[in-house]
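This report concerns only the one structure given below.
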Amino acid sequence: MRGYFKNKKTGFLHDFKFNIIMIFLIIFFALPVFYLASSAFMTRIEIWQGMFFPAKMQWSNIYTAMVEYNMFHYFKNSLFFTVIIVSSNLFFCSLAGYALAKFNFPGKKLIFSLVLVSMMIPPVILIVPLFMEVRAMGLLNTPWAMIIPWFIDPFGIFLMRQSMVDISEEHLNAARIEGANEFWIFLRIAIPFSLPALVALTLYRFLYVWNDLFWPLLVVGGDKWRTLPVAITKFDAQYFEATELKMATSFVAALPILIILIVFSKKVFSAMSRTGGLKY
Amino acid sequence: MKLKWKQTTGLIFALPAVVYFLLFFIFPFCYALFLGFQDYDLLSKPEFIGLANYSKMISNPSFRNSMGVTFYYTFGASIPICIFALLFALLFKNNFRGKYIYLTIFMMTCLMGLIPSTMAWKVLLHQDYGLFNKIFFYSWGFADKLNWLGNPNLAMPAMIIVSLSTGIPYYAIYLIGAVSGIPKEHYEVAKIEGANFFQRLRFIILPAIKNVYIFVIITATISAFQYMGPFYVMTRGGPLDSTRVISLFIFNNAFDFQRFGYASAMTIVILIILIPIVFGVLRRGGESD
């Protein structure tokens with residue numbers, strides 16, 4: 001992977017050839033990103049005329065959607081839940097990953113096979129019974145319903161386990177002889193050791209939780225805890241005509257991810273190919 | 001059984017995971033199995049009806065339609081995704097100026113998220129003012145403005161196009177990692193031997209990335225099989241149920257019509273279809289270690 005982004009000496013014709021191919025591909029693949037960014041600043045008329053660029057940047061779209069239609073409130077809710085769920089995932093996944101990597105205890109094999117199986121079963125499949133369970137627990141329409149079923153993530157456990165297997169046993173034992181307690185060892189040796197995996201896990205979970213639509217749609221009905229994806233689908237159904245506001249809100253919803261991608265694209269790329277390589 | 005101190009510590013560290021699997025994986029599983037035999041609408045008490053949910057499913061034309069639609073979508077989307085993702089990875093194996101910028105743009109498309117991308121596509125595919133028609137069709141002299149999302153014959157192809165725009169770059173990223181791990185010497189040998197593109201693909205690239213590629217094929221298939229996000233946002237199953245995939249059908253039955261027993265029975269059917277694939281993958285994974 002190292003040196004992957006470094007461009008070795010290549011001829012002009014070589015670059016030219018690939019750039020032509022890429023530009024053709026970009027016309028299709030970048031279309032949604034481009035159009036989202038561009039139509040968020042158009043007037044409604046411009047969108048309905050099928051324009052490519054706004055004649056004048058309509059910054060007021062963003063203001064109207066965020067403030068007058070209260071989307072900023074939902075944005076904050078999304079951010080709140082994402083931060084809580086991702087941090088909880090980071091902590092508990094690394095804890096369980098550490099246990100599976102470095103300890104022997106009865107039932108370890110069984111837990112690991114459960115990790116593997118549940119990793120492959122898509123969460124959408126279990127959404128009906130899970131909904132009824134959360135309802136029976138009396139958590140519906142509370143923020144807890146959003147957080148509790150997702151406090152840990154099977155793929156995250158797997159990722160952390162694969163990374164922590166490589167911690168040297170001598171290192172841990174040395175700390176034990178020094179009299180460090182197990183939790184301290186976990187925090188000060190295991191966690192720093194697997195920072196790259198933690199970065200990958202953060203990204204992976206952030207993308208998932210930030211974009212999740214169905215679970216929040218089902219479990220939080222009220223306005224108070226509604227997240228941005230749910231708010232956008234509701235807005236879409238309610239204000240059929242307000243295309244420019246829908247696009248502006250969707251653009252704002254995509255903005256955190258687009259910014260992360262622009263700033264850290266190398267990190268995201270290596271984290272993604274890392275998770276892919278680990279998953280099989 | 002007496003546990004050593006170290007075993008106890010391990011068990012304590014793994015405890016949150018154990019709680020998660022019991023409460024949010026095994027229990028819902030069993031609960032779905034149980035509810036599959038009940039008639040339950042959340043209001044009255046569940047009532048045991050034996051296999052009635054399952055027989056209702058088989059005789060229900062909407063269910064069969066949904067299964068058909070699901071298979072159409074699964075193969076229609078995952079086969080091109082797997083082929084083009086590999087071609088993408090092979091393109092990005094080469095070094096060229098600006099590669100990095102293109103890669104960032106492709107990642108934006110696939111990671112931007114369900115809502116932003118479907119909301120954009122919804123407008124892009126609009127019959128009258130959608131840019132998709134403009135760029136690819138009537139600007140080039142093709143007669144009609146196609147009504148992508150309103151025509152029962154075009155809606156599914158349109159949804160497949162949407163999935164390709166996010167799926168191809170997404171799986172390509174996994175494959176790029178694998179392809180760039182192939183040692184340079186292999187290509188040099190192939191060059192000396194005078195192998196053409198297909199021979200290189202067959203004898204060098206595919207064997208080297210076999211595991212990752214199988215993983216990609218299976219993940220793409222499983223995820224297409226249970227996909228419902230874009231359908232919910234863009235078509236809501238319409239027009240004329242032509243895009244009501246099975247997970248959307250389950251979702252409708254459970255949360256719009258309150259048929260929780262029926263929906264659970266369908267969930268079980270989906271799991272029964274998926275589980276052999278899942279175990280197949282896991283066995284393969286075990287062999288390749």
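The values are calculated or read from the model by the stated rules, or taken from the named source; none is laboratory data. As the structure is a computational prediction, the values presented were derived from the model and not from experiment. Quick reminder, even Gly has a Cβ in these numbers, built from the backbone with ideal geometry, and neighbours come from all protein chains shown. Areas reflect the complete protein model, heavy atoms only, side chains present, ligands, DNA and RNA absent. Shrake-Rupley method; radii C 1.70, N 1.55, O 1.52, S 1.80 Å.
Points to keep in mind about this one:
- Selection of helices (runs of 4 or more DSSP H) fully inside segment B:1-114 by the criterion of at least 1 residues being small (Gly, Ala, Ser) and modelled with pLDDT under 90 returns B:5-21, B:27-35, B:52-59, B:61-93.
- Restricting segment A:123-140 to residues that are outside any helix (DSSP H, G or I) and surrounded by fewer than 17 Cβ atoms within 10 Å (Cβ to Cβ) leaves a set whose member that is nearest to the other protein chains (Cβ to nearest Cβ) is A:137.
- Complete set of residues in segment B:5-20 that are open to solvent by less than 60 Å² (accessible area, probe 1.4 Å) and at the interface with chain A (Cβ under 7 Å from one of its Cβ atoms): B:7, B:9, B:10, B:11, B:13, B:14, B:16, B:17, B:18, B:20
Rundown of residues vs (1) assigned by TED's automatic domain parsing to the domain that holds residue A:176; (2) open to solvent by less than 60 Å² (accessible area, probe 1.4 Å), yes/no style:
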{"site": "A:45", "(1), (2)": "no, no"}
{"site": "A:50", "(1), (2)": "no, yes"}
{"site": "A:58", "(1), (2)": "no, yes"}
{"site": "A:76", "(1), (2)": "yes, no"}
{"site": "A:88", "(1), (2)": "yes, yes"}
{"site": "A:94", "(1), (2)": "yes, yes"}
{"site": "A:106", "(1), (2)": "yes, yes"}
{"site": "A:112", "(1), (2)": "yes, yes"}
{"site": "A:142", "(1), (2)": "yes, yes"}
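- Tally, over segment A:108-122, of residues that are over 22 Å from residue A:190 (Cα atoms), without any contact (Cβ under 8 Å) to a residue 40 or more places away in the chain and more than 7 Å from chain B (Cβ to nearest Cβ): 2
- Residues in segment A:237-275 that are more than 7 Å from chain B (Cβ to nearest Cβ), assigned to a helix (DSSP H, G or I) and within 30 Å of residue A:128 (Cα to Cα): A:237, A:238, A:249, A:275.
- Residue B:107 of a type in the set (A, V, I, L, M) and either open to solvent by 10 Å² or more (accessible area, probe 1.4 Å) or within 10 Å of chain A (Cβ to nearest Cβ) (or both): yes
- Unmet requirement for residue B:176, which otherwise passes all of (1) surrounded by 15 or more Cβ atoms within 10 Å (Cβ to Cβ); (2) on the phi > 0 side of the Ramachandran plot: (2)
- Matching residues, segment B:205-218, being open to solvent by less than 30 Å² (accessible area, probe 1.4 Å), more than 8 Å from every other protein chain (Cβ to nearest Cβ) and out of contact with any Lys or Arg (no Cβ under 9 Å at 6 or more places or on another chain): B:209
- Segment A:20-34: number of residues that are surrounded by fewer than 21 Cβ atoms within 10 Å (Cβ to Cβ) and either within 28 Å of residue A:60 (Cα to Cα) or modelled with pLDDT of 90 or more (or both): 3
- Single match in B:24, B:48 (criterion: at negative phi and within 26 Å of the chain's Cα centre (by Cα)): B:24
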